[in-house]
1. Are any of the residues in the stretch C:43-53 in contact (Cβ under 8 Å) with a residue 40 or more places away in the chain, over 21 Å from C:Gly306 (Cα atoms) and of a type outside the set (A, V, I, L, M, F, W, C)?
2. For the stretch C:446-477, what are the residues that are among the aromatic types (Phe, Trp, Tyr) and either open to solvent by 10 Å² or more (accessible area, probe 1.4 Å) or at pLDDT below 95 (or both)?
3. Could you please give the count of residues in the stretch C:212-240 that are within 14 Å of another protein chain (Cβ to nearest Cβ), more than 16 Å from ligand 2 (Cβ to nearest atom) and open to solvent by less than 10 Å² (accessible area, probe 1.4 Å)?
4. Only one residue in A:Leu33, A:Leu94 is open to solvent by 10 Å² or more (accessible area, probe 1.4 Å) and within 16 Å of ligand 2 (Cβ to nearest atom). Which one?
5. State which residue is most open to solvent (accessible area, probe 1.4 Å) when the search covers only the stretch A:105-131 and only residues that are at the interface with chain C (Cβ under 7 Å from one of its Cβ atoms) and away from ligand 2 (no atom under 14 Å from the Cβ).
6. Do any residues in the stretch C:121-144 that are in contact (Cβ under 8 Å) with a residue 40 or more places away in the chain and over 16 Å from A:Glu22 (Cα atoms) have Cβ atoms under 6 Å from those of residues that are open to solvent by 30 Å² or more (accessible area, probe 1.4 Å) and acidic (Asp, Glu), where the two are at least six apart or on different chains, and which pairs are they?
7. Just one of (1) surrounded by 18 or more Cβ atoms within 10 Å (Cβ to Cβ); (2) outside any loop (DSSP other than H, G, I, E, B) trips up A:His5, so point out which.
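The values are calculated or read from the model by the stated rules, or taken from the named source; none is laboratory data. These figures come from a predicted structure and were not determined experimentally. FYI the Cβ positions are ideal-geometry reconstructions off the backbone, even for glycines, and counts take in every protein chain you see. Note: areas computed on protein heavy atoms with side chains; ligands, DNA, RNA excluded. Shrake-Rupley method; radii C 1.70, N 1.55, O 1.52, S 1.80 Å.
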Amino acid sequence: MARAHVITTVNGDPVEFLCDTEQTLLDVLRDELHLTGSKEGCASGDCGACSVIVDGRLVCACLMLGVEAQGHSIETIEGMAGGDRLHPLQTKFLEHAALQCGVCTPGFLVAAKSLLERNPDPTETEVRYWLAGNLCRCTGYDKIVRAVLDAAQEMRGG
Amino acid sequence: MARVHFTGNFRQLAGGDEEVSIDASTVRELLLKLGEHYPSLAPHLDEGVALAIDGVIHQDALFSRIEPHSDVHLMPKIAGG
Amino acid sequence: MAAQNGGTTNGGTRWIGTRPVRPDGVDKVTGRARFGADLHLPNMLVGKVLRSPHAHARIRSIDTSAALALPGVKAIVTRDDFDDLPSEFVPAGEMLINYRDVVRNVMAREKALFEGHPLAAVAATSEKVAKEALDLIRVDYEVLPHVLDIDEAIAPDAPLLHEDMITAGVEPPPSAPSNVAKVVEFAHGDVEAGFAEADVVVEREFSTQPVHQGYIEPHSCVASFAEDGQAELWCTTQGHFVVRGHCAKLLGMEVSKLRVTASEIGGGFGGKTVVYLEPLALALSRKSGHPVKMTMSREEVFRASGPAPGTWARVRVGVTKDGRITAGEAELKYQAGAFQGSPVQPGCMCAFAPYDLEHVKVTGYDVVVNRPKVAAYRAPGAPQSEYAVESIIDELAKRIGMDPVELRLKNAAREGTRAAYGPTFGPIGLVETLEAARSHEHYRAPLAPGRGRGVASGFWFNIGGETCATLNLGEDGTIALVAGTPDIGGSRAALCLQTAEALGVDVEKIRPLIGDTSTLGYTFLTGGSRTAFASGLAVIEASKDMIGQLCERAAKIWNIPVDAVEWADGEARPAGANAGEFDPLTLADLAGVAGKTGGPIVGRAQINAQGAGPSFGTHLVDVDVDRETGRVTIERYTVIQDAGKAVHPSYVEGQLQGGAVQGIGWALNEEYVYDEYGRLQNPGFLDYRIPVCSDVPMIDTVIVEVANPTHPYGVRGVGETPIVPPMAAIANAVEGALGIRFTDLPMSPPRVLKALEEAHIPEAAD
Ligand code: FES
Ligand code: FES
């Protein structure tokens, strides 16, 4: 069975890979490219642990095929920190203790980044509804929401 | 002599006794003497028991000290999630 | 550091009670942290499990020949690859465990006992081939009638899961087998005499549904067996030493030949204290000679890993007009799943634990049913029984016209109270949590019309246990801390803080890691809310061990007796004027000359921690109920709990908030739906709905600190108690809003609507 040859961009770098046509983008990221920061919590689009940004849109990598990445630009958690500097969301998650086990954290960070790109000044309710596609079983969400609101404020300059 | 109270099913195994006085200075000695006193209790004393010695729970602690007037409760071992 | 809600004072300690960024934090916000499924090894195969489609079936034969012939299939294991083990209860992991059952739970033998029960496992070069192979395995079943619920299971003519199971704990033993594994009883006083003193007695029946722990990371492991019989196992677990013990037993290995490494763990809540895939992966690796990776799908997690039990309870409590509880009685029946061992015993012990009762009697039944074997879930057994009792306490308060916090305060267990389960409590903080609730602004805030406010308390024992820790002093004076308890919720931060406090060094100088099973002595699992307490005691002991060595080195350097050296603020000093005049030697000074003064310095501790401090909490909740849809909305929530001493308050708050929200899910939504064939209909997060971000408000926390005298800084476990009060607190609030008492969980929209309809048929309830 022939594998598909896909050319795409991941975290700003050109990337080529071979994949089976039924492999999801999440499988490709994790198993072919060894970018295991995106997690699989359900493989059905219900938990958000696999969140990535494709051409600026928040997507569940488990719901997209690897071959569909052809020609698109993909951002994952691995590309969120710039060089040796954490993204403000990452810093705020640490300061607010917005993670316990941390398995949901990459998905929340990617989803929150996507929110703040669209809406730099969200209300608590907007944060809660935007992040409703990301499940966290550990934190009860309180500190996650606080961290996102605090990061938004800092990114707005204060 | 320490006063040993039976809770839960240990009371049944102790022939319905609610408590007994036992002369022992360590948990091991106490369990040994309890087993001699209540043969049907004996097989249950190896595993799965906890002792509350003066309110402090000891599990798997054969050499924890028992004072002459200690109040000891024999109870099931506890784990958790 | 950002301000947080809750908060504690930081009296007398330098590090305990502060909120540094956790040492493993950056790895977790950058995607570097490696969880169970994140390990790839060269030549690695993928393992998949064939599971029973039937809830109850005799397995006549399993034919794997066609599957084995498929190109790419490297090994298949079935029941024939595991030796049967005799019935023998041993303490391992989750209380007592019977290896005869464990070997049958990981791989069905005579019968499949629940839908999802493993029948065979395949290792192949890809997931696709492995799945194709599963389809080629032929199983010949004799489908048997099944029982899912307690009533069915204890009916006289019920189909039996285990034809030889005679109920334990009844005298004389019954002559016929049944699905009741065990009857337990806790009693003191004379309940009938107690009820005779009561002015008001309320008796009700309650039921709860099984709920899944719902960790976001599915079970996953990689096993690698070498030709010389040595093996390595990487897995997501709450206790790698416990996994080692189970796997070695099931595979007939010596424990020292199996090295288990705990990956980062993506949530457990009790559900990762047992083995499912690990023995299968090891058996497949042994047979194939390749590393084998196995990961459950979310569907498999729901169908085949442990929920908390569904339960039935009948509770009766009596009270005098002036608010003295005179007696409490409960009968509890818990589903164990396919094998005996539900947490009904702790359920019985916890039921009335918050109260000072002269007369109490609790009887519990452990009942097997054709569902997955239950696993621990945060305070296993306690939420179900305390939900029932705390609901009745609320009703009694209303009946005698007393404030529900007042009624609890009047009867609250305190230091010196004989606990309902037997022993006498030492210092405990229930009264403090109730007083904090009473004076909390939340409790006094006006309630909007139509809303309800509920309160409930909760209890969990907490445990200690076998624990090791090592502190390796680096040549520059920094420290590598090795602990054996997997870090689920930030415990590495709590261990570093306790070490920093004990040694008097900067917390930034300590880097923690969780050692594998060959680097430390046996360490019991992360569970029972024991890690901050027991691993905490271990790092404090290891610090003392290191300080002893540091003082010896300083004594040698100064040429004075060792007892003339004292350790304070992270440096060795001459103890008093008579010891001589020397400049203090810091940790870094002594580390730098360690080689020349006697060799490397390593602090060690191996302890069996006793005296864990029990933990109590009280929750307040406001709800709004949509009369059109039946949806219950949590408008406000406050958790108040005794932490003994909050080592890292942010992570204590996190435990309180997370536990409360799990309880909200338990109360309002979560349940398993089975069809008539005993097949689970909602094995996914879409239909098994755990709370999402938009379902809940901020969760306020108040940390009360009543020191645990057996820990130098007063620490108590905090992780489990917060899941106990929510169900009753919410039911009490819903009763306040609607005047309808819900005695069956969950209070999901369809049930609330139905109750509203029924309540409105006659003239409104009186
Ligand atoms: S793994 Fe993609 S949404 Fe859960
Ligand atoms: S921190 Fe564990 S699932 Fe979110």
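1. To start, the set of residues in the stretch C:43-53 that are in contact (Cβ under 8 Å) with a residue 40 or more places away in the chain comprises C:43-53.
In the following step, the residues that additionally are over 21 Å from C:Gly306 (Cα atoms) were identified as C:43-46.
Applying the additional criterion that residues be of a type outside the set (A, V, I, L, M, F, W, C) yields C:43.
Scanning the stretch C:43-53, I find at least one residue that is in contact (Cβ under 8 Å) with a residue 40 or more places away in the chain, over 21 Å from C:Gly306 (Cα atoms) and of a type outside the set (A, V, I, L, M, F, W, C), so the answer is yes.
2. Restricting attention to the stretch C:446-477, the residues satisfying the condition of being among the aromatic types (Phe, Trp, Tyr) are C:459-461.
Passing the criteria: only C:Phe461.
3. Of all residues in the stretch C:212-240, those within 14 Å of another protein chain (Cβ to nearest Cβ) come to C:212-220, C:222, C:234, C:236-239.
Remaining after also requiring more than 16 Å from ligand 2 (Cβ to nearest atom): C:222, C:234, C:239.
Next, from what is left, pick out any that are open to solvent by less than 10 Å² (accessible area, probe 1.4 Å): C:222, C:239.
Number of matching residues: 2.
4. Details: A:Leu33 fails: within 16 Å of ligand 2 (Cβ to nearest atom).
The unique qualifying residue is A:Leu94.
5. Keep residues of the stretch A:105-131 that are at the interface with chain C (Cβ under 7 Å from one of its Cβ atoms), which gives A:105-106, A:109, A:128-129, A:131.
Within this subset, residues satisfying the condition of being away from ligand 2 (no atom under 14 Å from the Cβ) are A:128-129.
On the way: A:Arg128: 12, A:Tyr129: 147 Å².
In this case the residue turns out to be A:Tyr129.
6. Taking only residues 6 or more apart or on different chains, the pairs are C:Arg138/C:Asp63.
7. Condition (1) is where A:His5 drops out.
Each row is one residue, and each column tells you yes or no for (1) assigned to a helix (DSSP H, G or I); (2) closer than 24 Å to C:Gly25 by Cβ; (3) within 16 Å of ligand 1 (Cβ to nearest atom).
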{"position": "A:Pro14", "(1), (2), (3)": "no, no, no"}
{"position": "A:Arg30", "(1), (2), (3)": "yes, yes, yes"}
{"position": "A:Gly41", "(1), (2), (3)": "no, yes, yes"}
{"position": "A:Cys47", "(1), (2), (3)": "no, yes, yes"}
{"position": "A:Gln100", "(1), (2), (3)": "no, yes, no"}
{"position": "A:Leu115", "(1), (2), (3)": "yes, yes, no"}
